[in-house]
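Engineer: Just passing along the structure, written as structure tokens.
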Amino acid sequence: MYNSGTITMVPFFIAQKGKIMNLYEILAKIDNPEDLKKFFADLCTYVEIENLEKRAEAAQLLLKGNTYDETIQKTGISSATISRISRCIRHGEGGYSEVLKKVVQENEDKKDK
């Protein structure tokens, strides 16, 4: 729940928790990138997948220390979206930080080999 001015807003997914949790359970059962790719190809449009990829890339860039301007230049996404991603990295549930830091580290380890 977050406060927008004087109105406290409840995100829609809280009201639909059972449905969202089912999606998370489905995603958690996918154990390889190829199956995940196929699932998302059926679930989402190309543009939706592309937007998710850009957000993940932006989060990785911010976690590496890139500035907003550098991230915008590399991804082409808006400063508002970059701001939201940054806010989630600093104050969110920890998903970007926990998951993507592992990915960034694994990519760095692969470069070193």
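The values are calculated or read from the model by the stated rules, or taken from the named source; none is laboratory data. Just so we're clear, the structure is a prediction, and the values are computed from it rather than from any experiment. Using ideal geometry, Cβ is built from the backbone for each residue, glycine included, and neighbour counts are taken over all protein chains shown.
Engineer: With I49, I85, I89, I77 as the choices, which residue is outside any helix (DSSP H, G or I) and modelled with pLDDT of 85 or more?
Structural biologist: Matching residue, one of I49, I85, I89, I77: I77.
Engineer: Going by the structure shown, is K54 part of a helix (DSSP H, G or I), touching a Gly at 6+ places or on another chain (Cβ under 9 Å), of a type outside the set (A, V, I, L, M) and without any contact (Cβ under 8 Å) to a residue 60 or more places away in the chain?
Structural biologist: Against the criterion (part of a helix (DSSP H, G or I), touching a Gly at 6+ places or on another chain (Cβ under 9 Å), of a type outside the set (A, V, I, L, M) and without any contact (Cβ under 8 Å) to a residue 60 or more places away in the chain), K54 qualifies.
Engineer: Turning to a different aspect of this structure: V103 is checked against (1) more than 29 Å from K29 (Cα to Cα); (2) within 13 Å of the chain's Cα centre (by Cα); (3) touching a residue at least 40 places away in the same chain (Cβ under 8 Å) and fails just one. What number does that condition carry?
Structural biologist: That leaves (1) as the condition not met.
Engineer: Condition check: at pLDDT 95 or above and exposed (fewer than 12 other Cβ atoms within 10 Å of the Cβ). Does Q105 satisfy that?
Structural biologist: So Q105 fails the test.
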